[in-house]
Amino acid sequence: MRDLPRAGRLPHAVLVDLARSAIAAGDWSEPTIQSSIDRFADALVTEVVNGTGVLLHTNLGRAPLPASVRSRTVELDLGTGRRGSRQTGIGRLLGVLCGAESALVVNNNAAAVMLVAAALADGREVAVSRGEAVEIGGAFRVPEVIERSGARLVDVGTTNRTRADDYRRAIGRPGADIALILSVHPSNYRIEGFTERPEVRELAALGVPVAVDIGSGLADADTPWLDGAPPAWLADEPAARQTLAAGADLVTFSTDKLLGGPQAGVIAGRAELVAKCAQHPLMRAMRPGSLVIEALQTTVTALLDRRPDDVAFWAMASMPLDAVRSRAERLAASCGDAVEVVEVESLPGAGSAPGRGIASVGVSFDGDHSVALRRCEVPVIARVESGRTVIDLRSVAPADDELVTAAILSALR
Ligand SMILES: *Cc1c(COP(=O)(O)O)cnc(C)c1O
């Protein structure tokens, strides 16, 4: 059994178990055993090469992890030798990056929004625009998250147009008990045409704490970690620093989207409100482990030090087109005549910057070879367009170009 393809990746005890099940089912032919090995191996978390050109690919874990993540100290204050909090250092770094007094890290952005509603509005009301009571991929539904937090949702305005006055009326109505205004960036959903949304500074003038779920986690619209002006594809993306500067009391966002870090969520803003979230009993159930904190610390430090190449997502997104093209040319040349260089468009992905593409270059060859590429030792995920297999090199790390070459040669064989 050890000699079967991919069996070497499974622990011995698993192979024994698969063999026993096959025997119990009365079919221990090689194809049956192989398919049970494949099913098991397919379900494992594994290294893959992302050739789809979707830089933040939800099925491939959104932003890639930094290569250097290794966990060390967890909850020890190295100054006093006493127990510390794993949140202290990362909270400060995020505060500097986003221009926030304070910041807190939880497991994901859904947890961040729920914790904010629970800590600031339990048993009271949260005002949300009807145009922002949305569902975002993976069943994050704003009304349900608020209901589960113990707060009550108050619908404000209409689906396409909501003004500051609509919030004012909700706050002033008889018996109102609005503890929080929650504004949600609709991310991958767009209402076009006859629409209106209040500015954050108008909401901030209403006298109720304002939390803005910006979702994608762009830390600063000026992208100081990049050389030159912010890229055009970021134009409509809300950013943490500018949202807080406009008067939001809190922002929440995912750290595995445009921040480029591991899966986590951030609550950043006024220290007193962040502290209420940190002290809430739900926090214990939502706190991330030290591996995540360390990966996030590596990411935020690289952005603060202006080393975008050390954050895999930003390295991909900002690689000059010419550099991507020369990689594609080199790769195509080593694959032979069947493989040609093509101009393509990458997508930021993960619901970030919807409708905006990033110019890119890839390689393409005739036929749908996506299955053969997924069956390689390190699976390569390609896209198939008009009967051709396309691998976009912007979402492939340059160190993996040789691996992609080998995969194409084996798929074409
Ligand atoms: C992505 C997103 C979420 C969900 O974030 P997770 O980190 O996946 O929990 C919530 N709100 C907005 C606006 C988003 O874009």
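For the chain, the longest principal axis of the alpha carbon atoms and the long axis of helix 321-335 meet at an angle near 20°. Using C-alpha pairs below 8 Å separated by at least 6 residues, the relative contact order for the chain is 21 percent. When +1 charges are put on Lys and Arg Cβ atoms and -1 charges on Asp and Glu Cβ atoms, the dipole computed for segment 87-310 relative to its Cα centre reaches about 540 debye. The gain in end-to-end length when the Ala41 to Ala235 segment is fully stretched comes to 65.7 nm, 0.36 nm per residue minus the alpha carbon separation.
Could you calculate the contour length gain from Arg6 to Leu409, that is, 0.36 nm times the residue separation minus the distance between their Cα atoms, to one decimal place in nm?
Working: separation 403, 0.36 × 403 = 145.08 nm, distance 1.93 nm.
In short, 143.1 nm is gained.
The label point for Glu75 and the one for Thr158, both projected 7 Å from the Cα toward the Cβ, are 5.2 nm apart. Charge dipole of the chain (Cα centre as origin; +1 on each Lys and Arg Cβ, -1 on each Asp and Glu Cβ, all else neutral): 1180 debye, rounded to the nearest 20. Computed from Cα atoms, the angle from the helix 12-24 axis to the main principal axis of the chain rounds to 80 degrees.
Restriction of the GluC sites (Glu not before Pro) in segment 376-413 to DSSP coil positions whose beta-carbon has at most 15 other beta-carbons within 10 angstrom yields Glu377.
Which one, Leu180, Val105, Ala170, is farthest towards the positive end of the dipole of segment 65-183 when Lys and Arg carry +1 and Asp and Glu -1 on their Cβ? Checking the options against the dipole of segment 65-183, the answer is Val105. With the highest mean first, a sort of the peptides 216-229, 163-176, 249-262 on other beta-carbon atoms found within 10 angstrom per residue produces 249-262, 216-229, 163-176. With Cα atoms defining each centre, segment 221-276 and segment 39-65 are spaced 25 Å apart in the structure. Extension gain, Arg306-Ser334: 0.36 nm per intervening residue step, less the Cα-Cα distance, totals 6.6 nm. In the chain, the DSSP beta bridges split such that about 55 percent are antiparallel, to the nearest 5.
R0 = 56 Å: FRET efficiency of Val14 with Arg356, Cβ-based, nearest 0.05? Efficiency, from the Cβ-Cβ distance: 0.80. For segment 299-343, the residues whose backbone nitrogen is under 13 Å from a point 7 Å from the Cα of Ser386, taken along Cα to Cβ, are 342-343. Highest mean packing first, where packing is the average number of other Cβ atoms within 10 Å per residue, the peptides 6-15, 270-279 line up as 270-279, 6-15. To the nearest ten degrees, helix 109-121 and the longest principal axis of the Cα atoms of the chain are 20 degrees apart.
All of the numbers you see were taken from the coordinates with simple rules; none came from a lab. For clarity, every value in this text was computed on a predicted model and none was experimentally measured. Because the Cβ atoms are built from the backbone with ideal geometry, glycine has one as well, and the counts that use them run over all protein chains shown.
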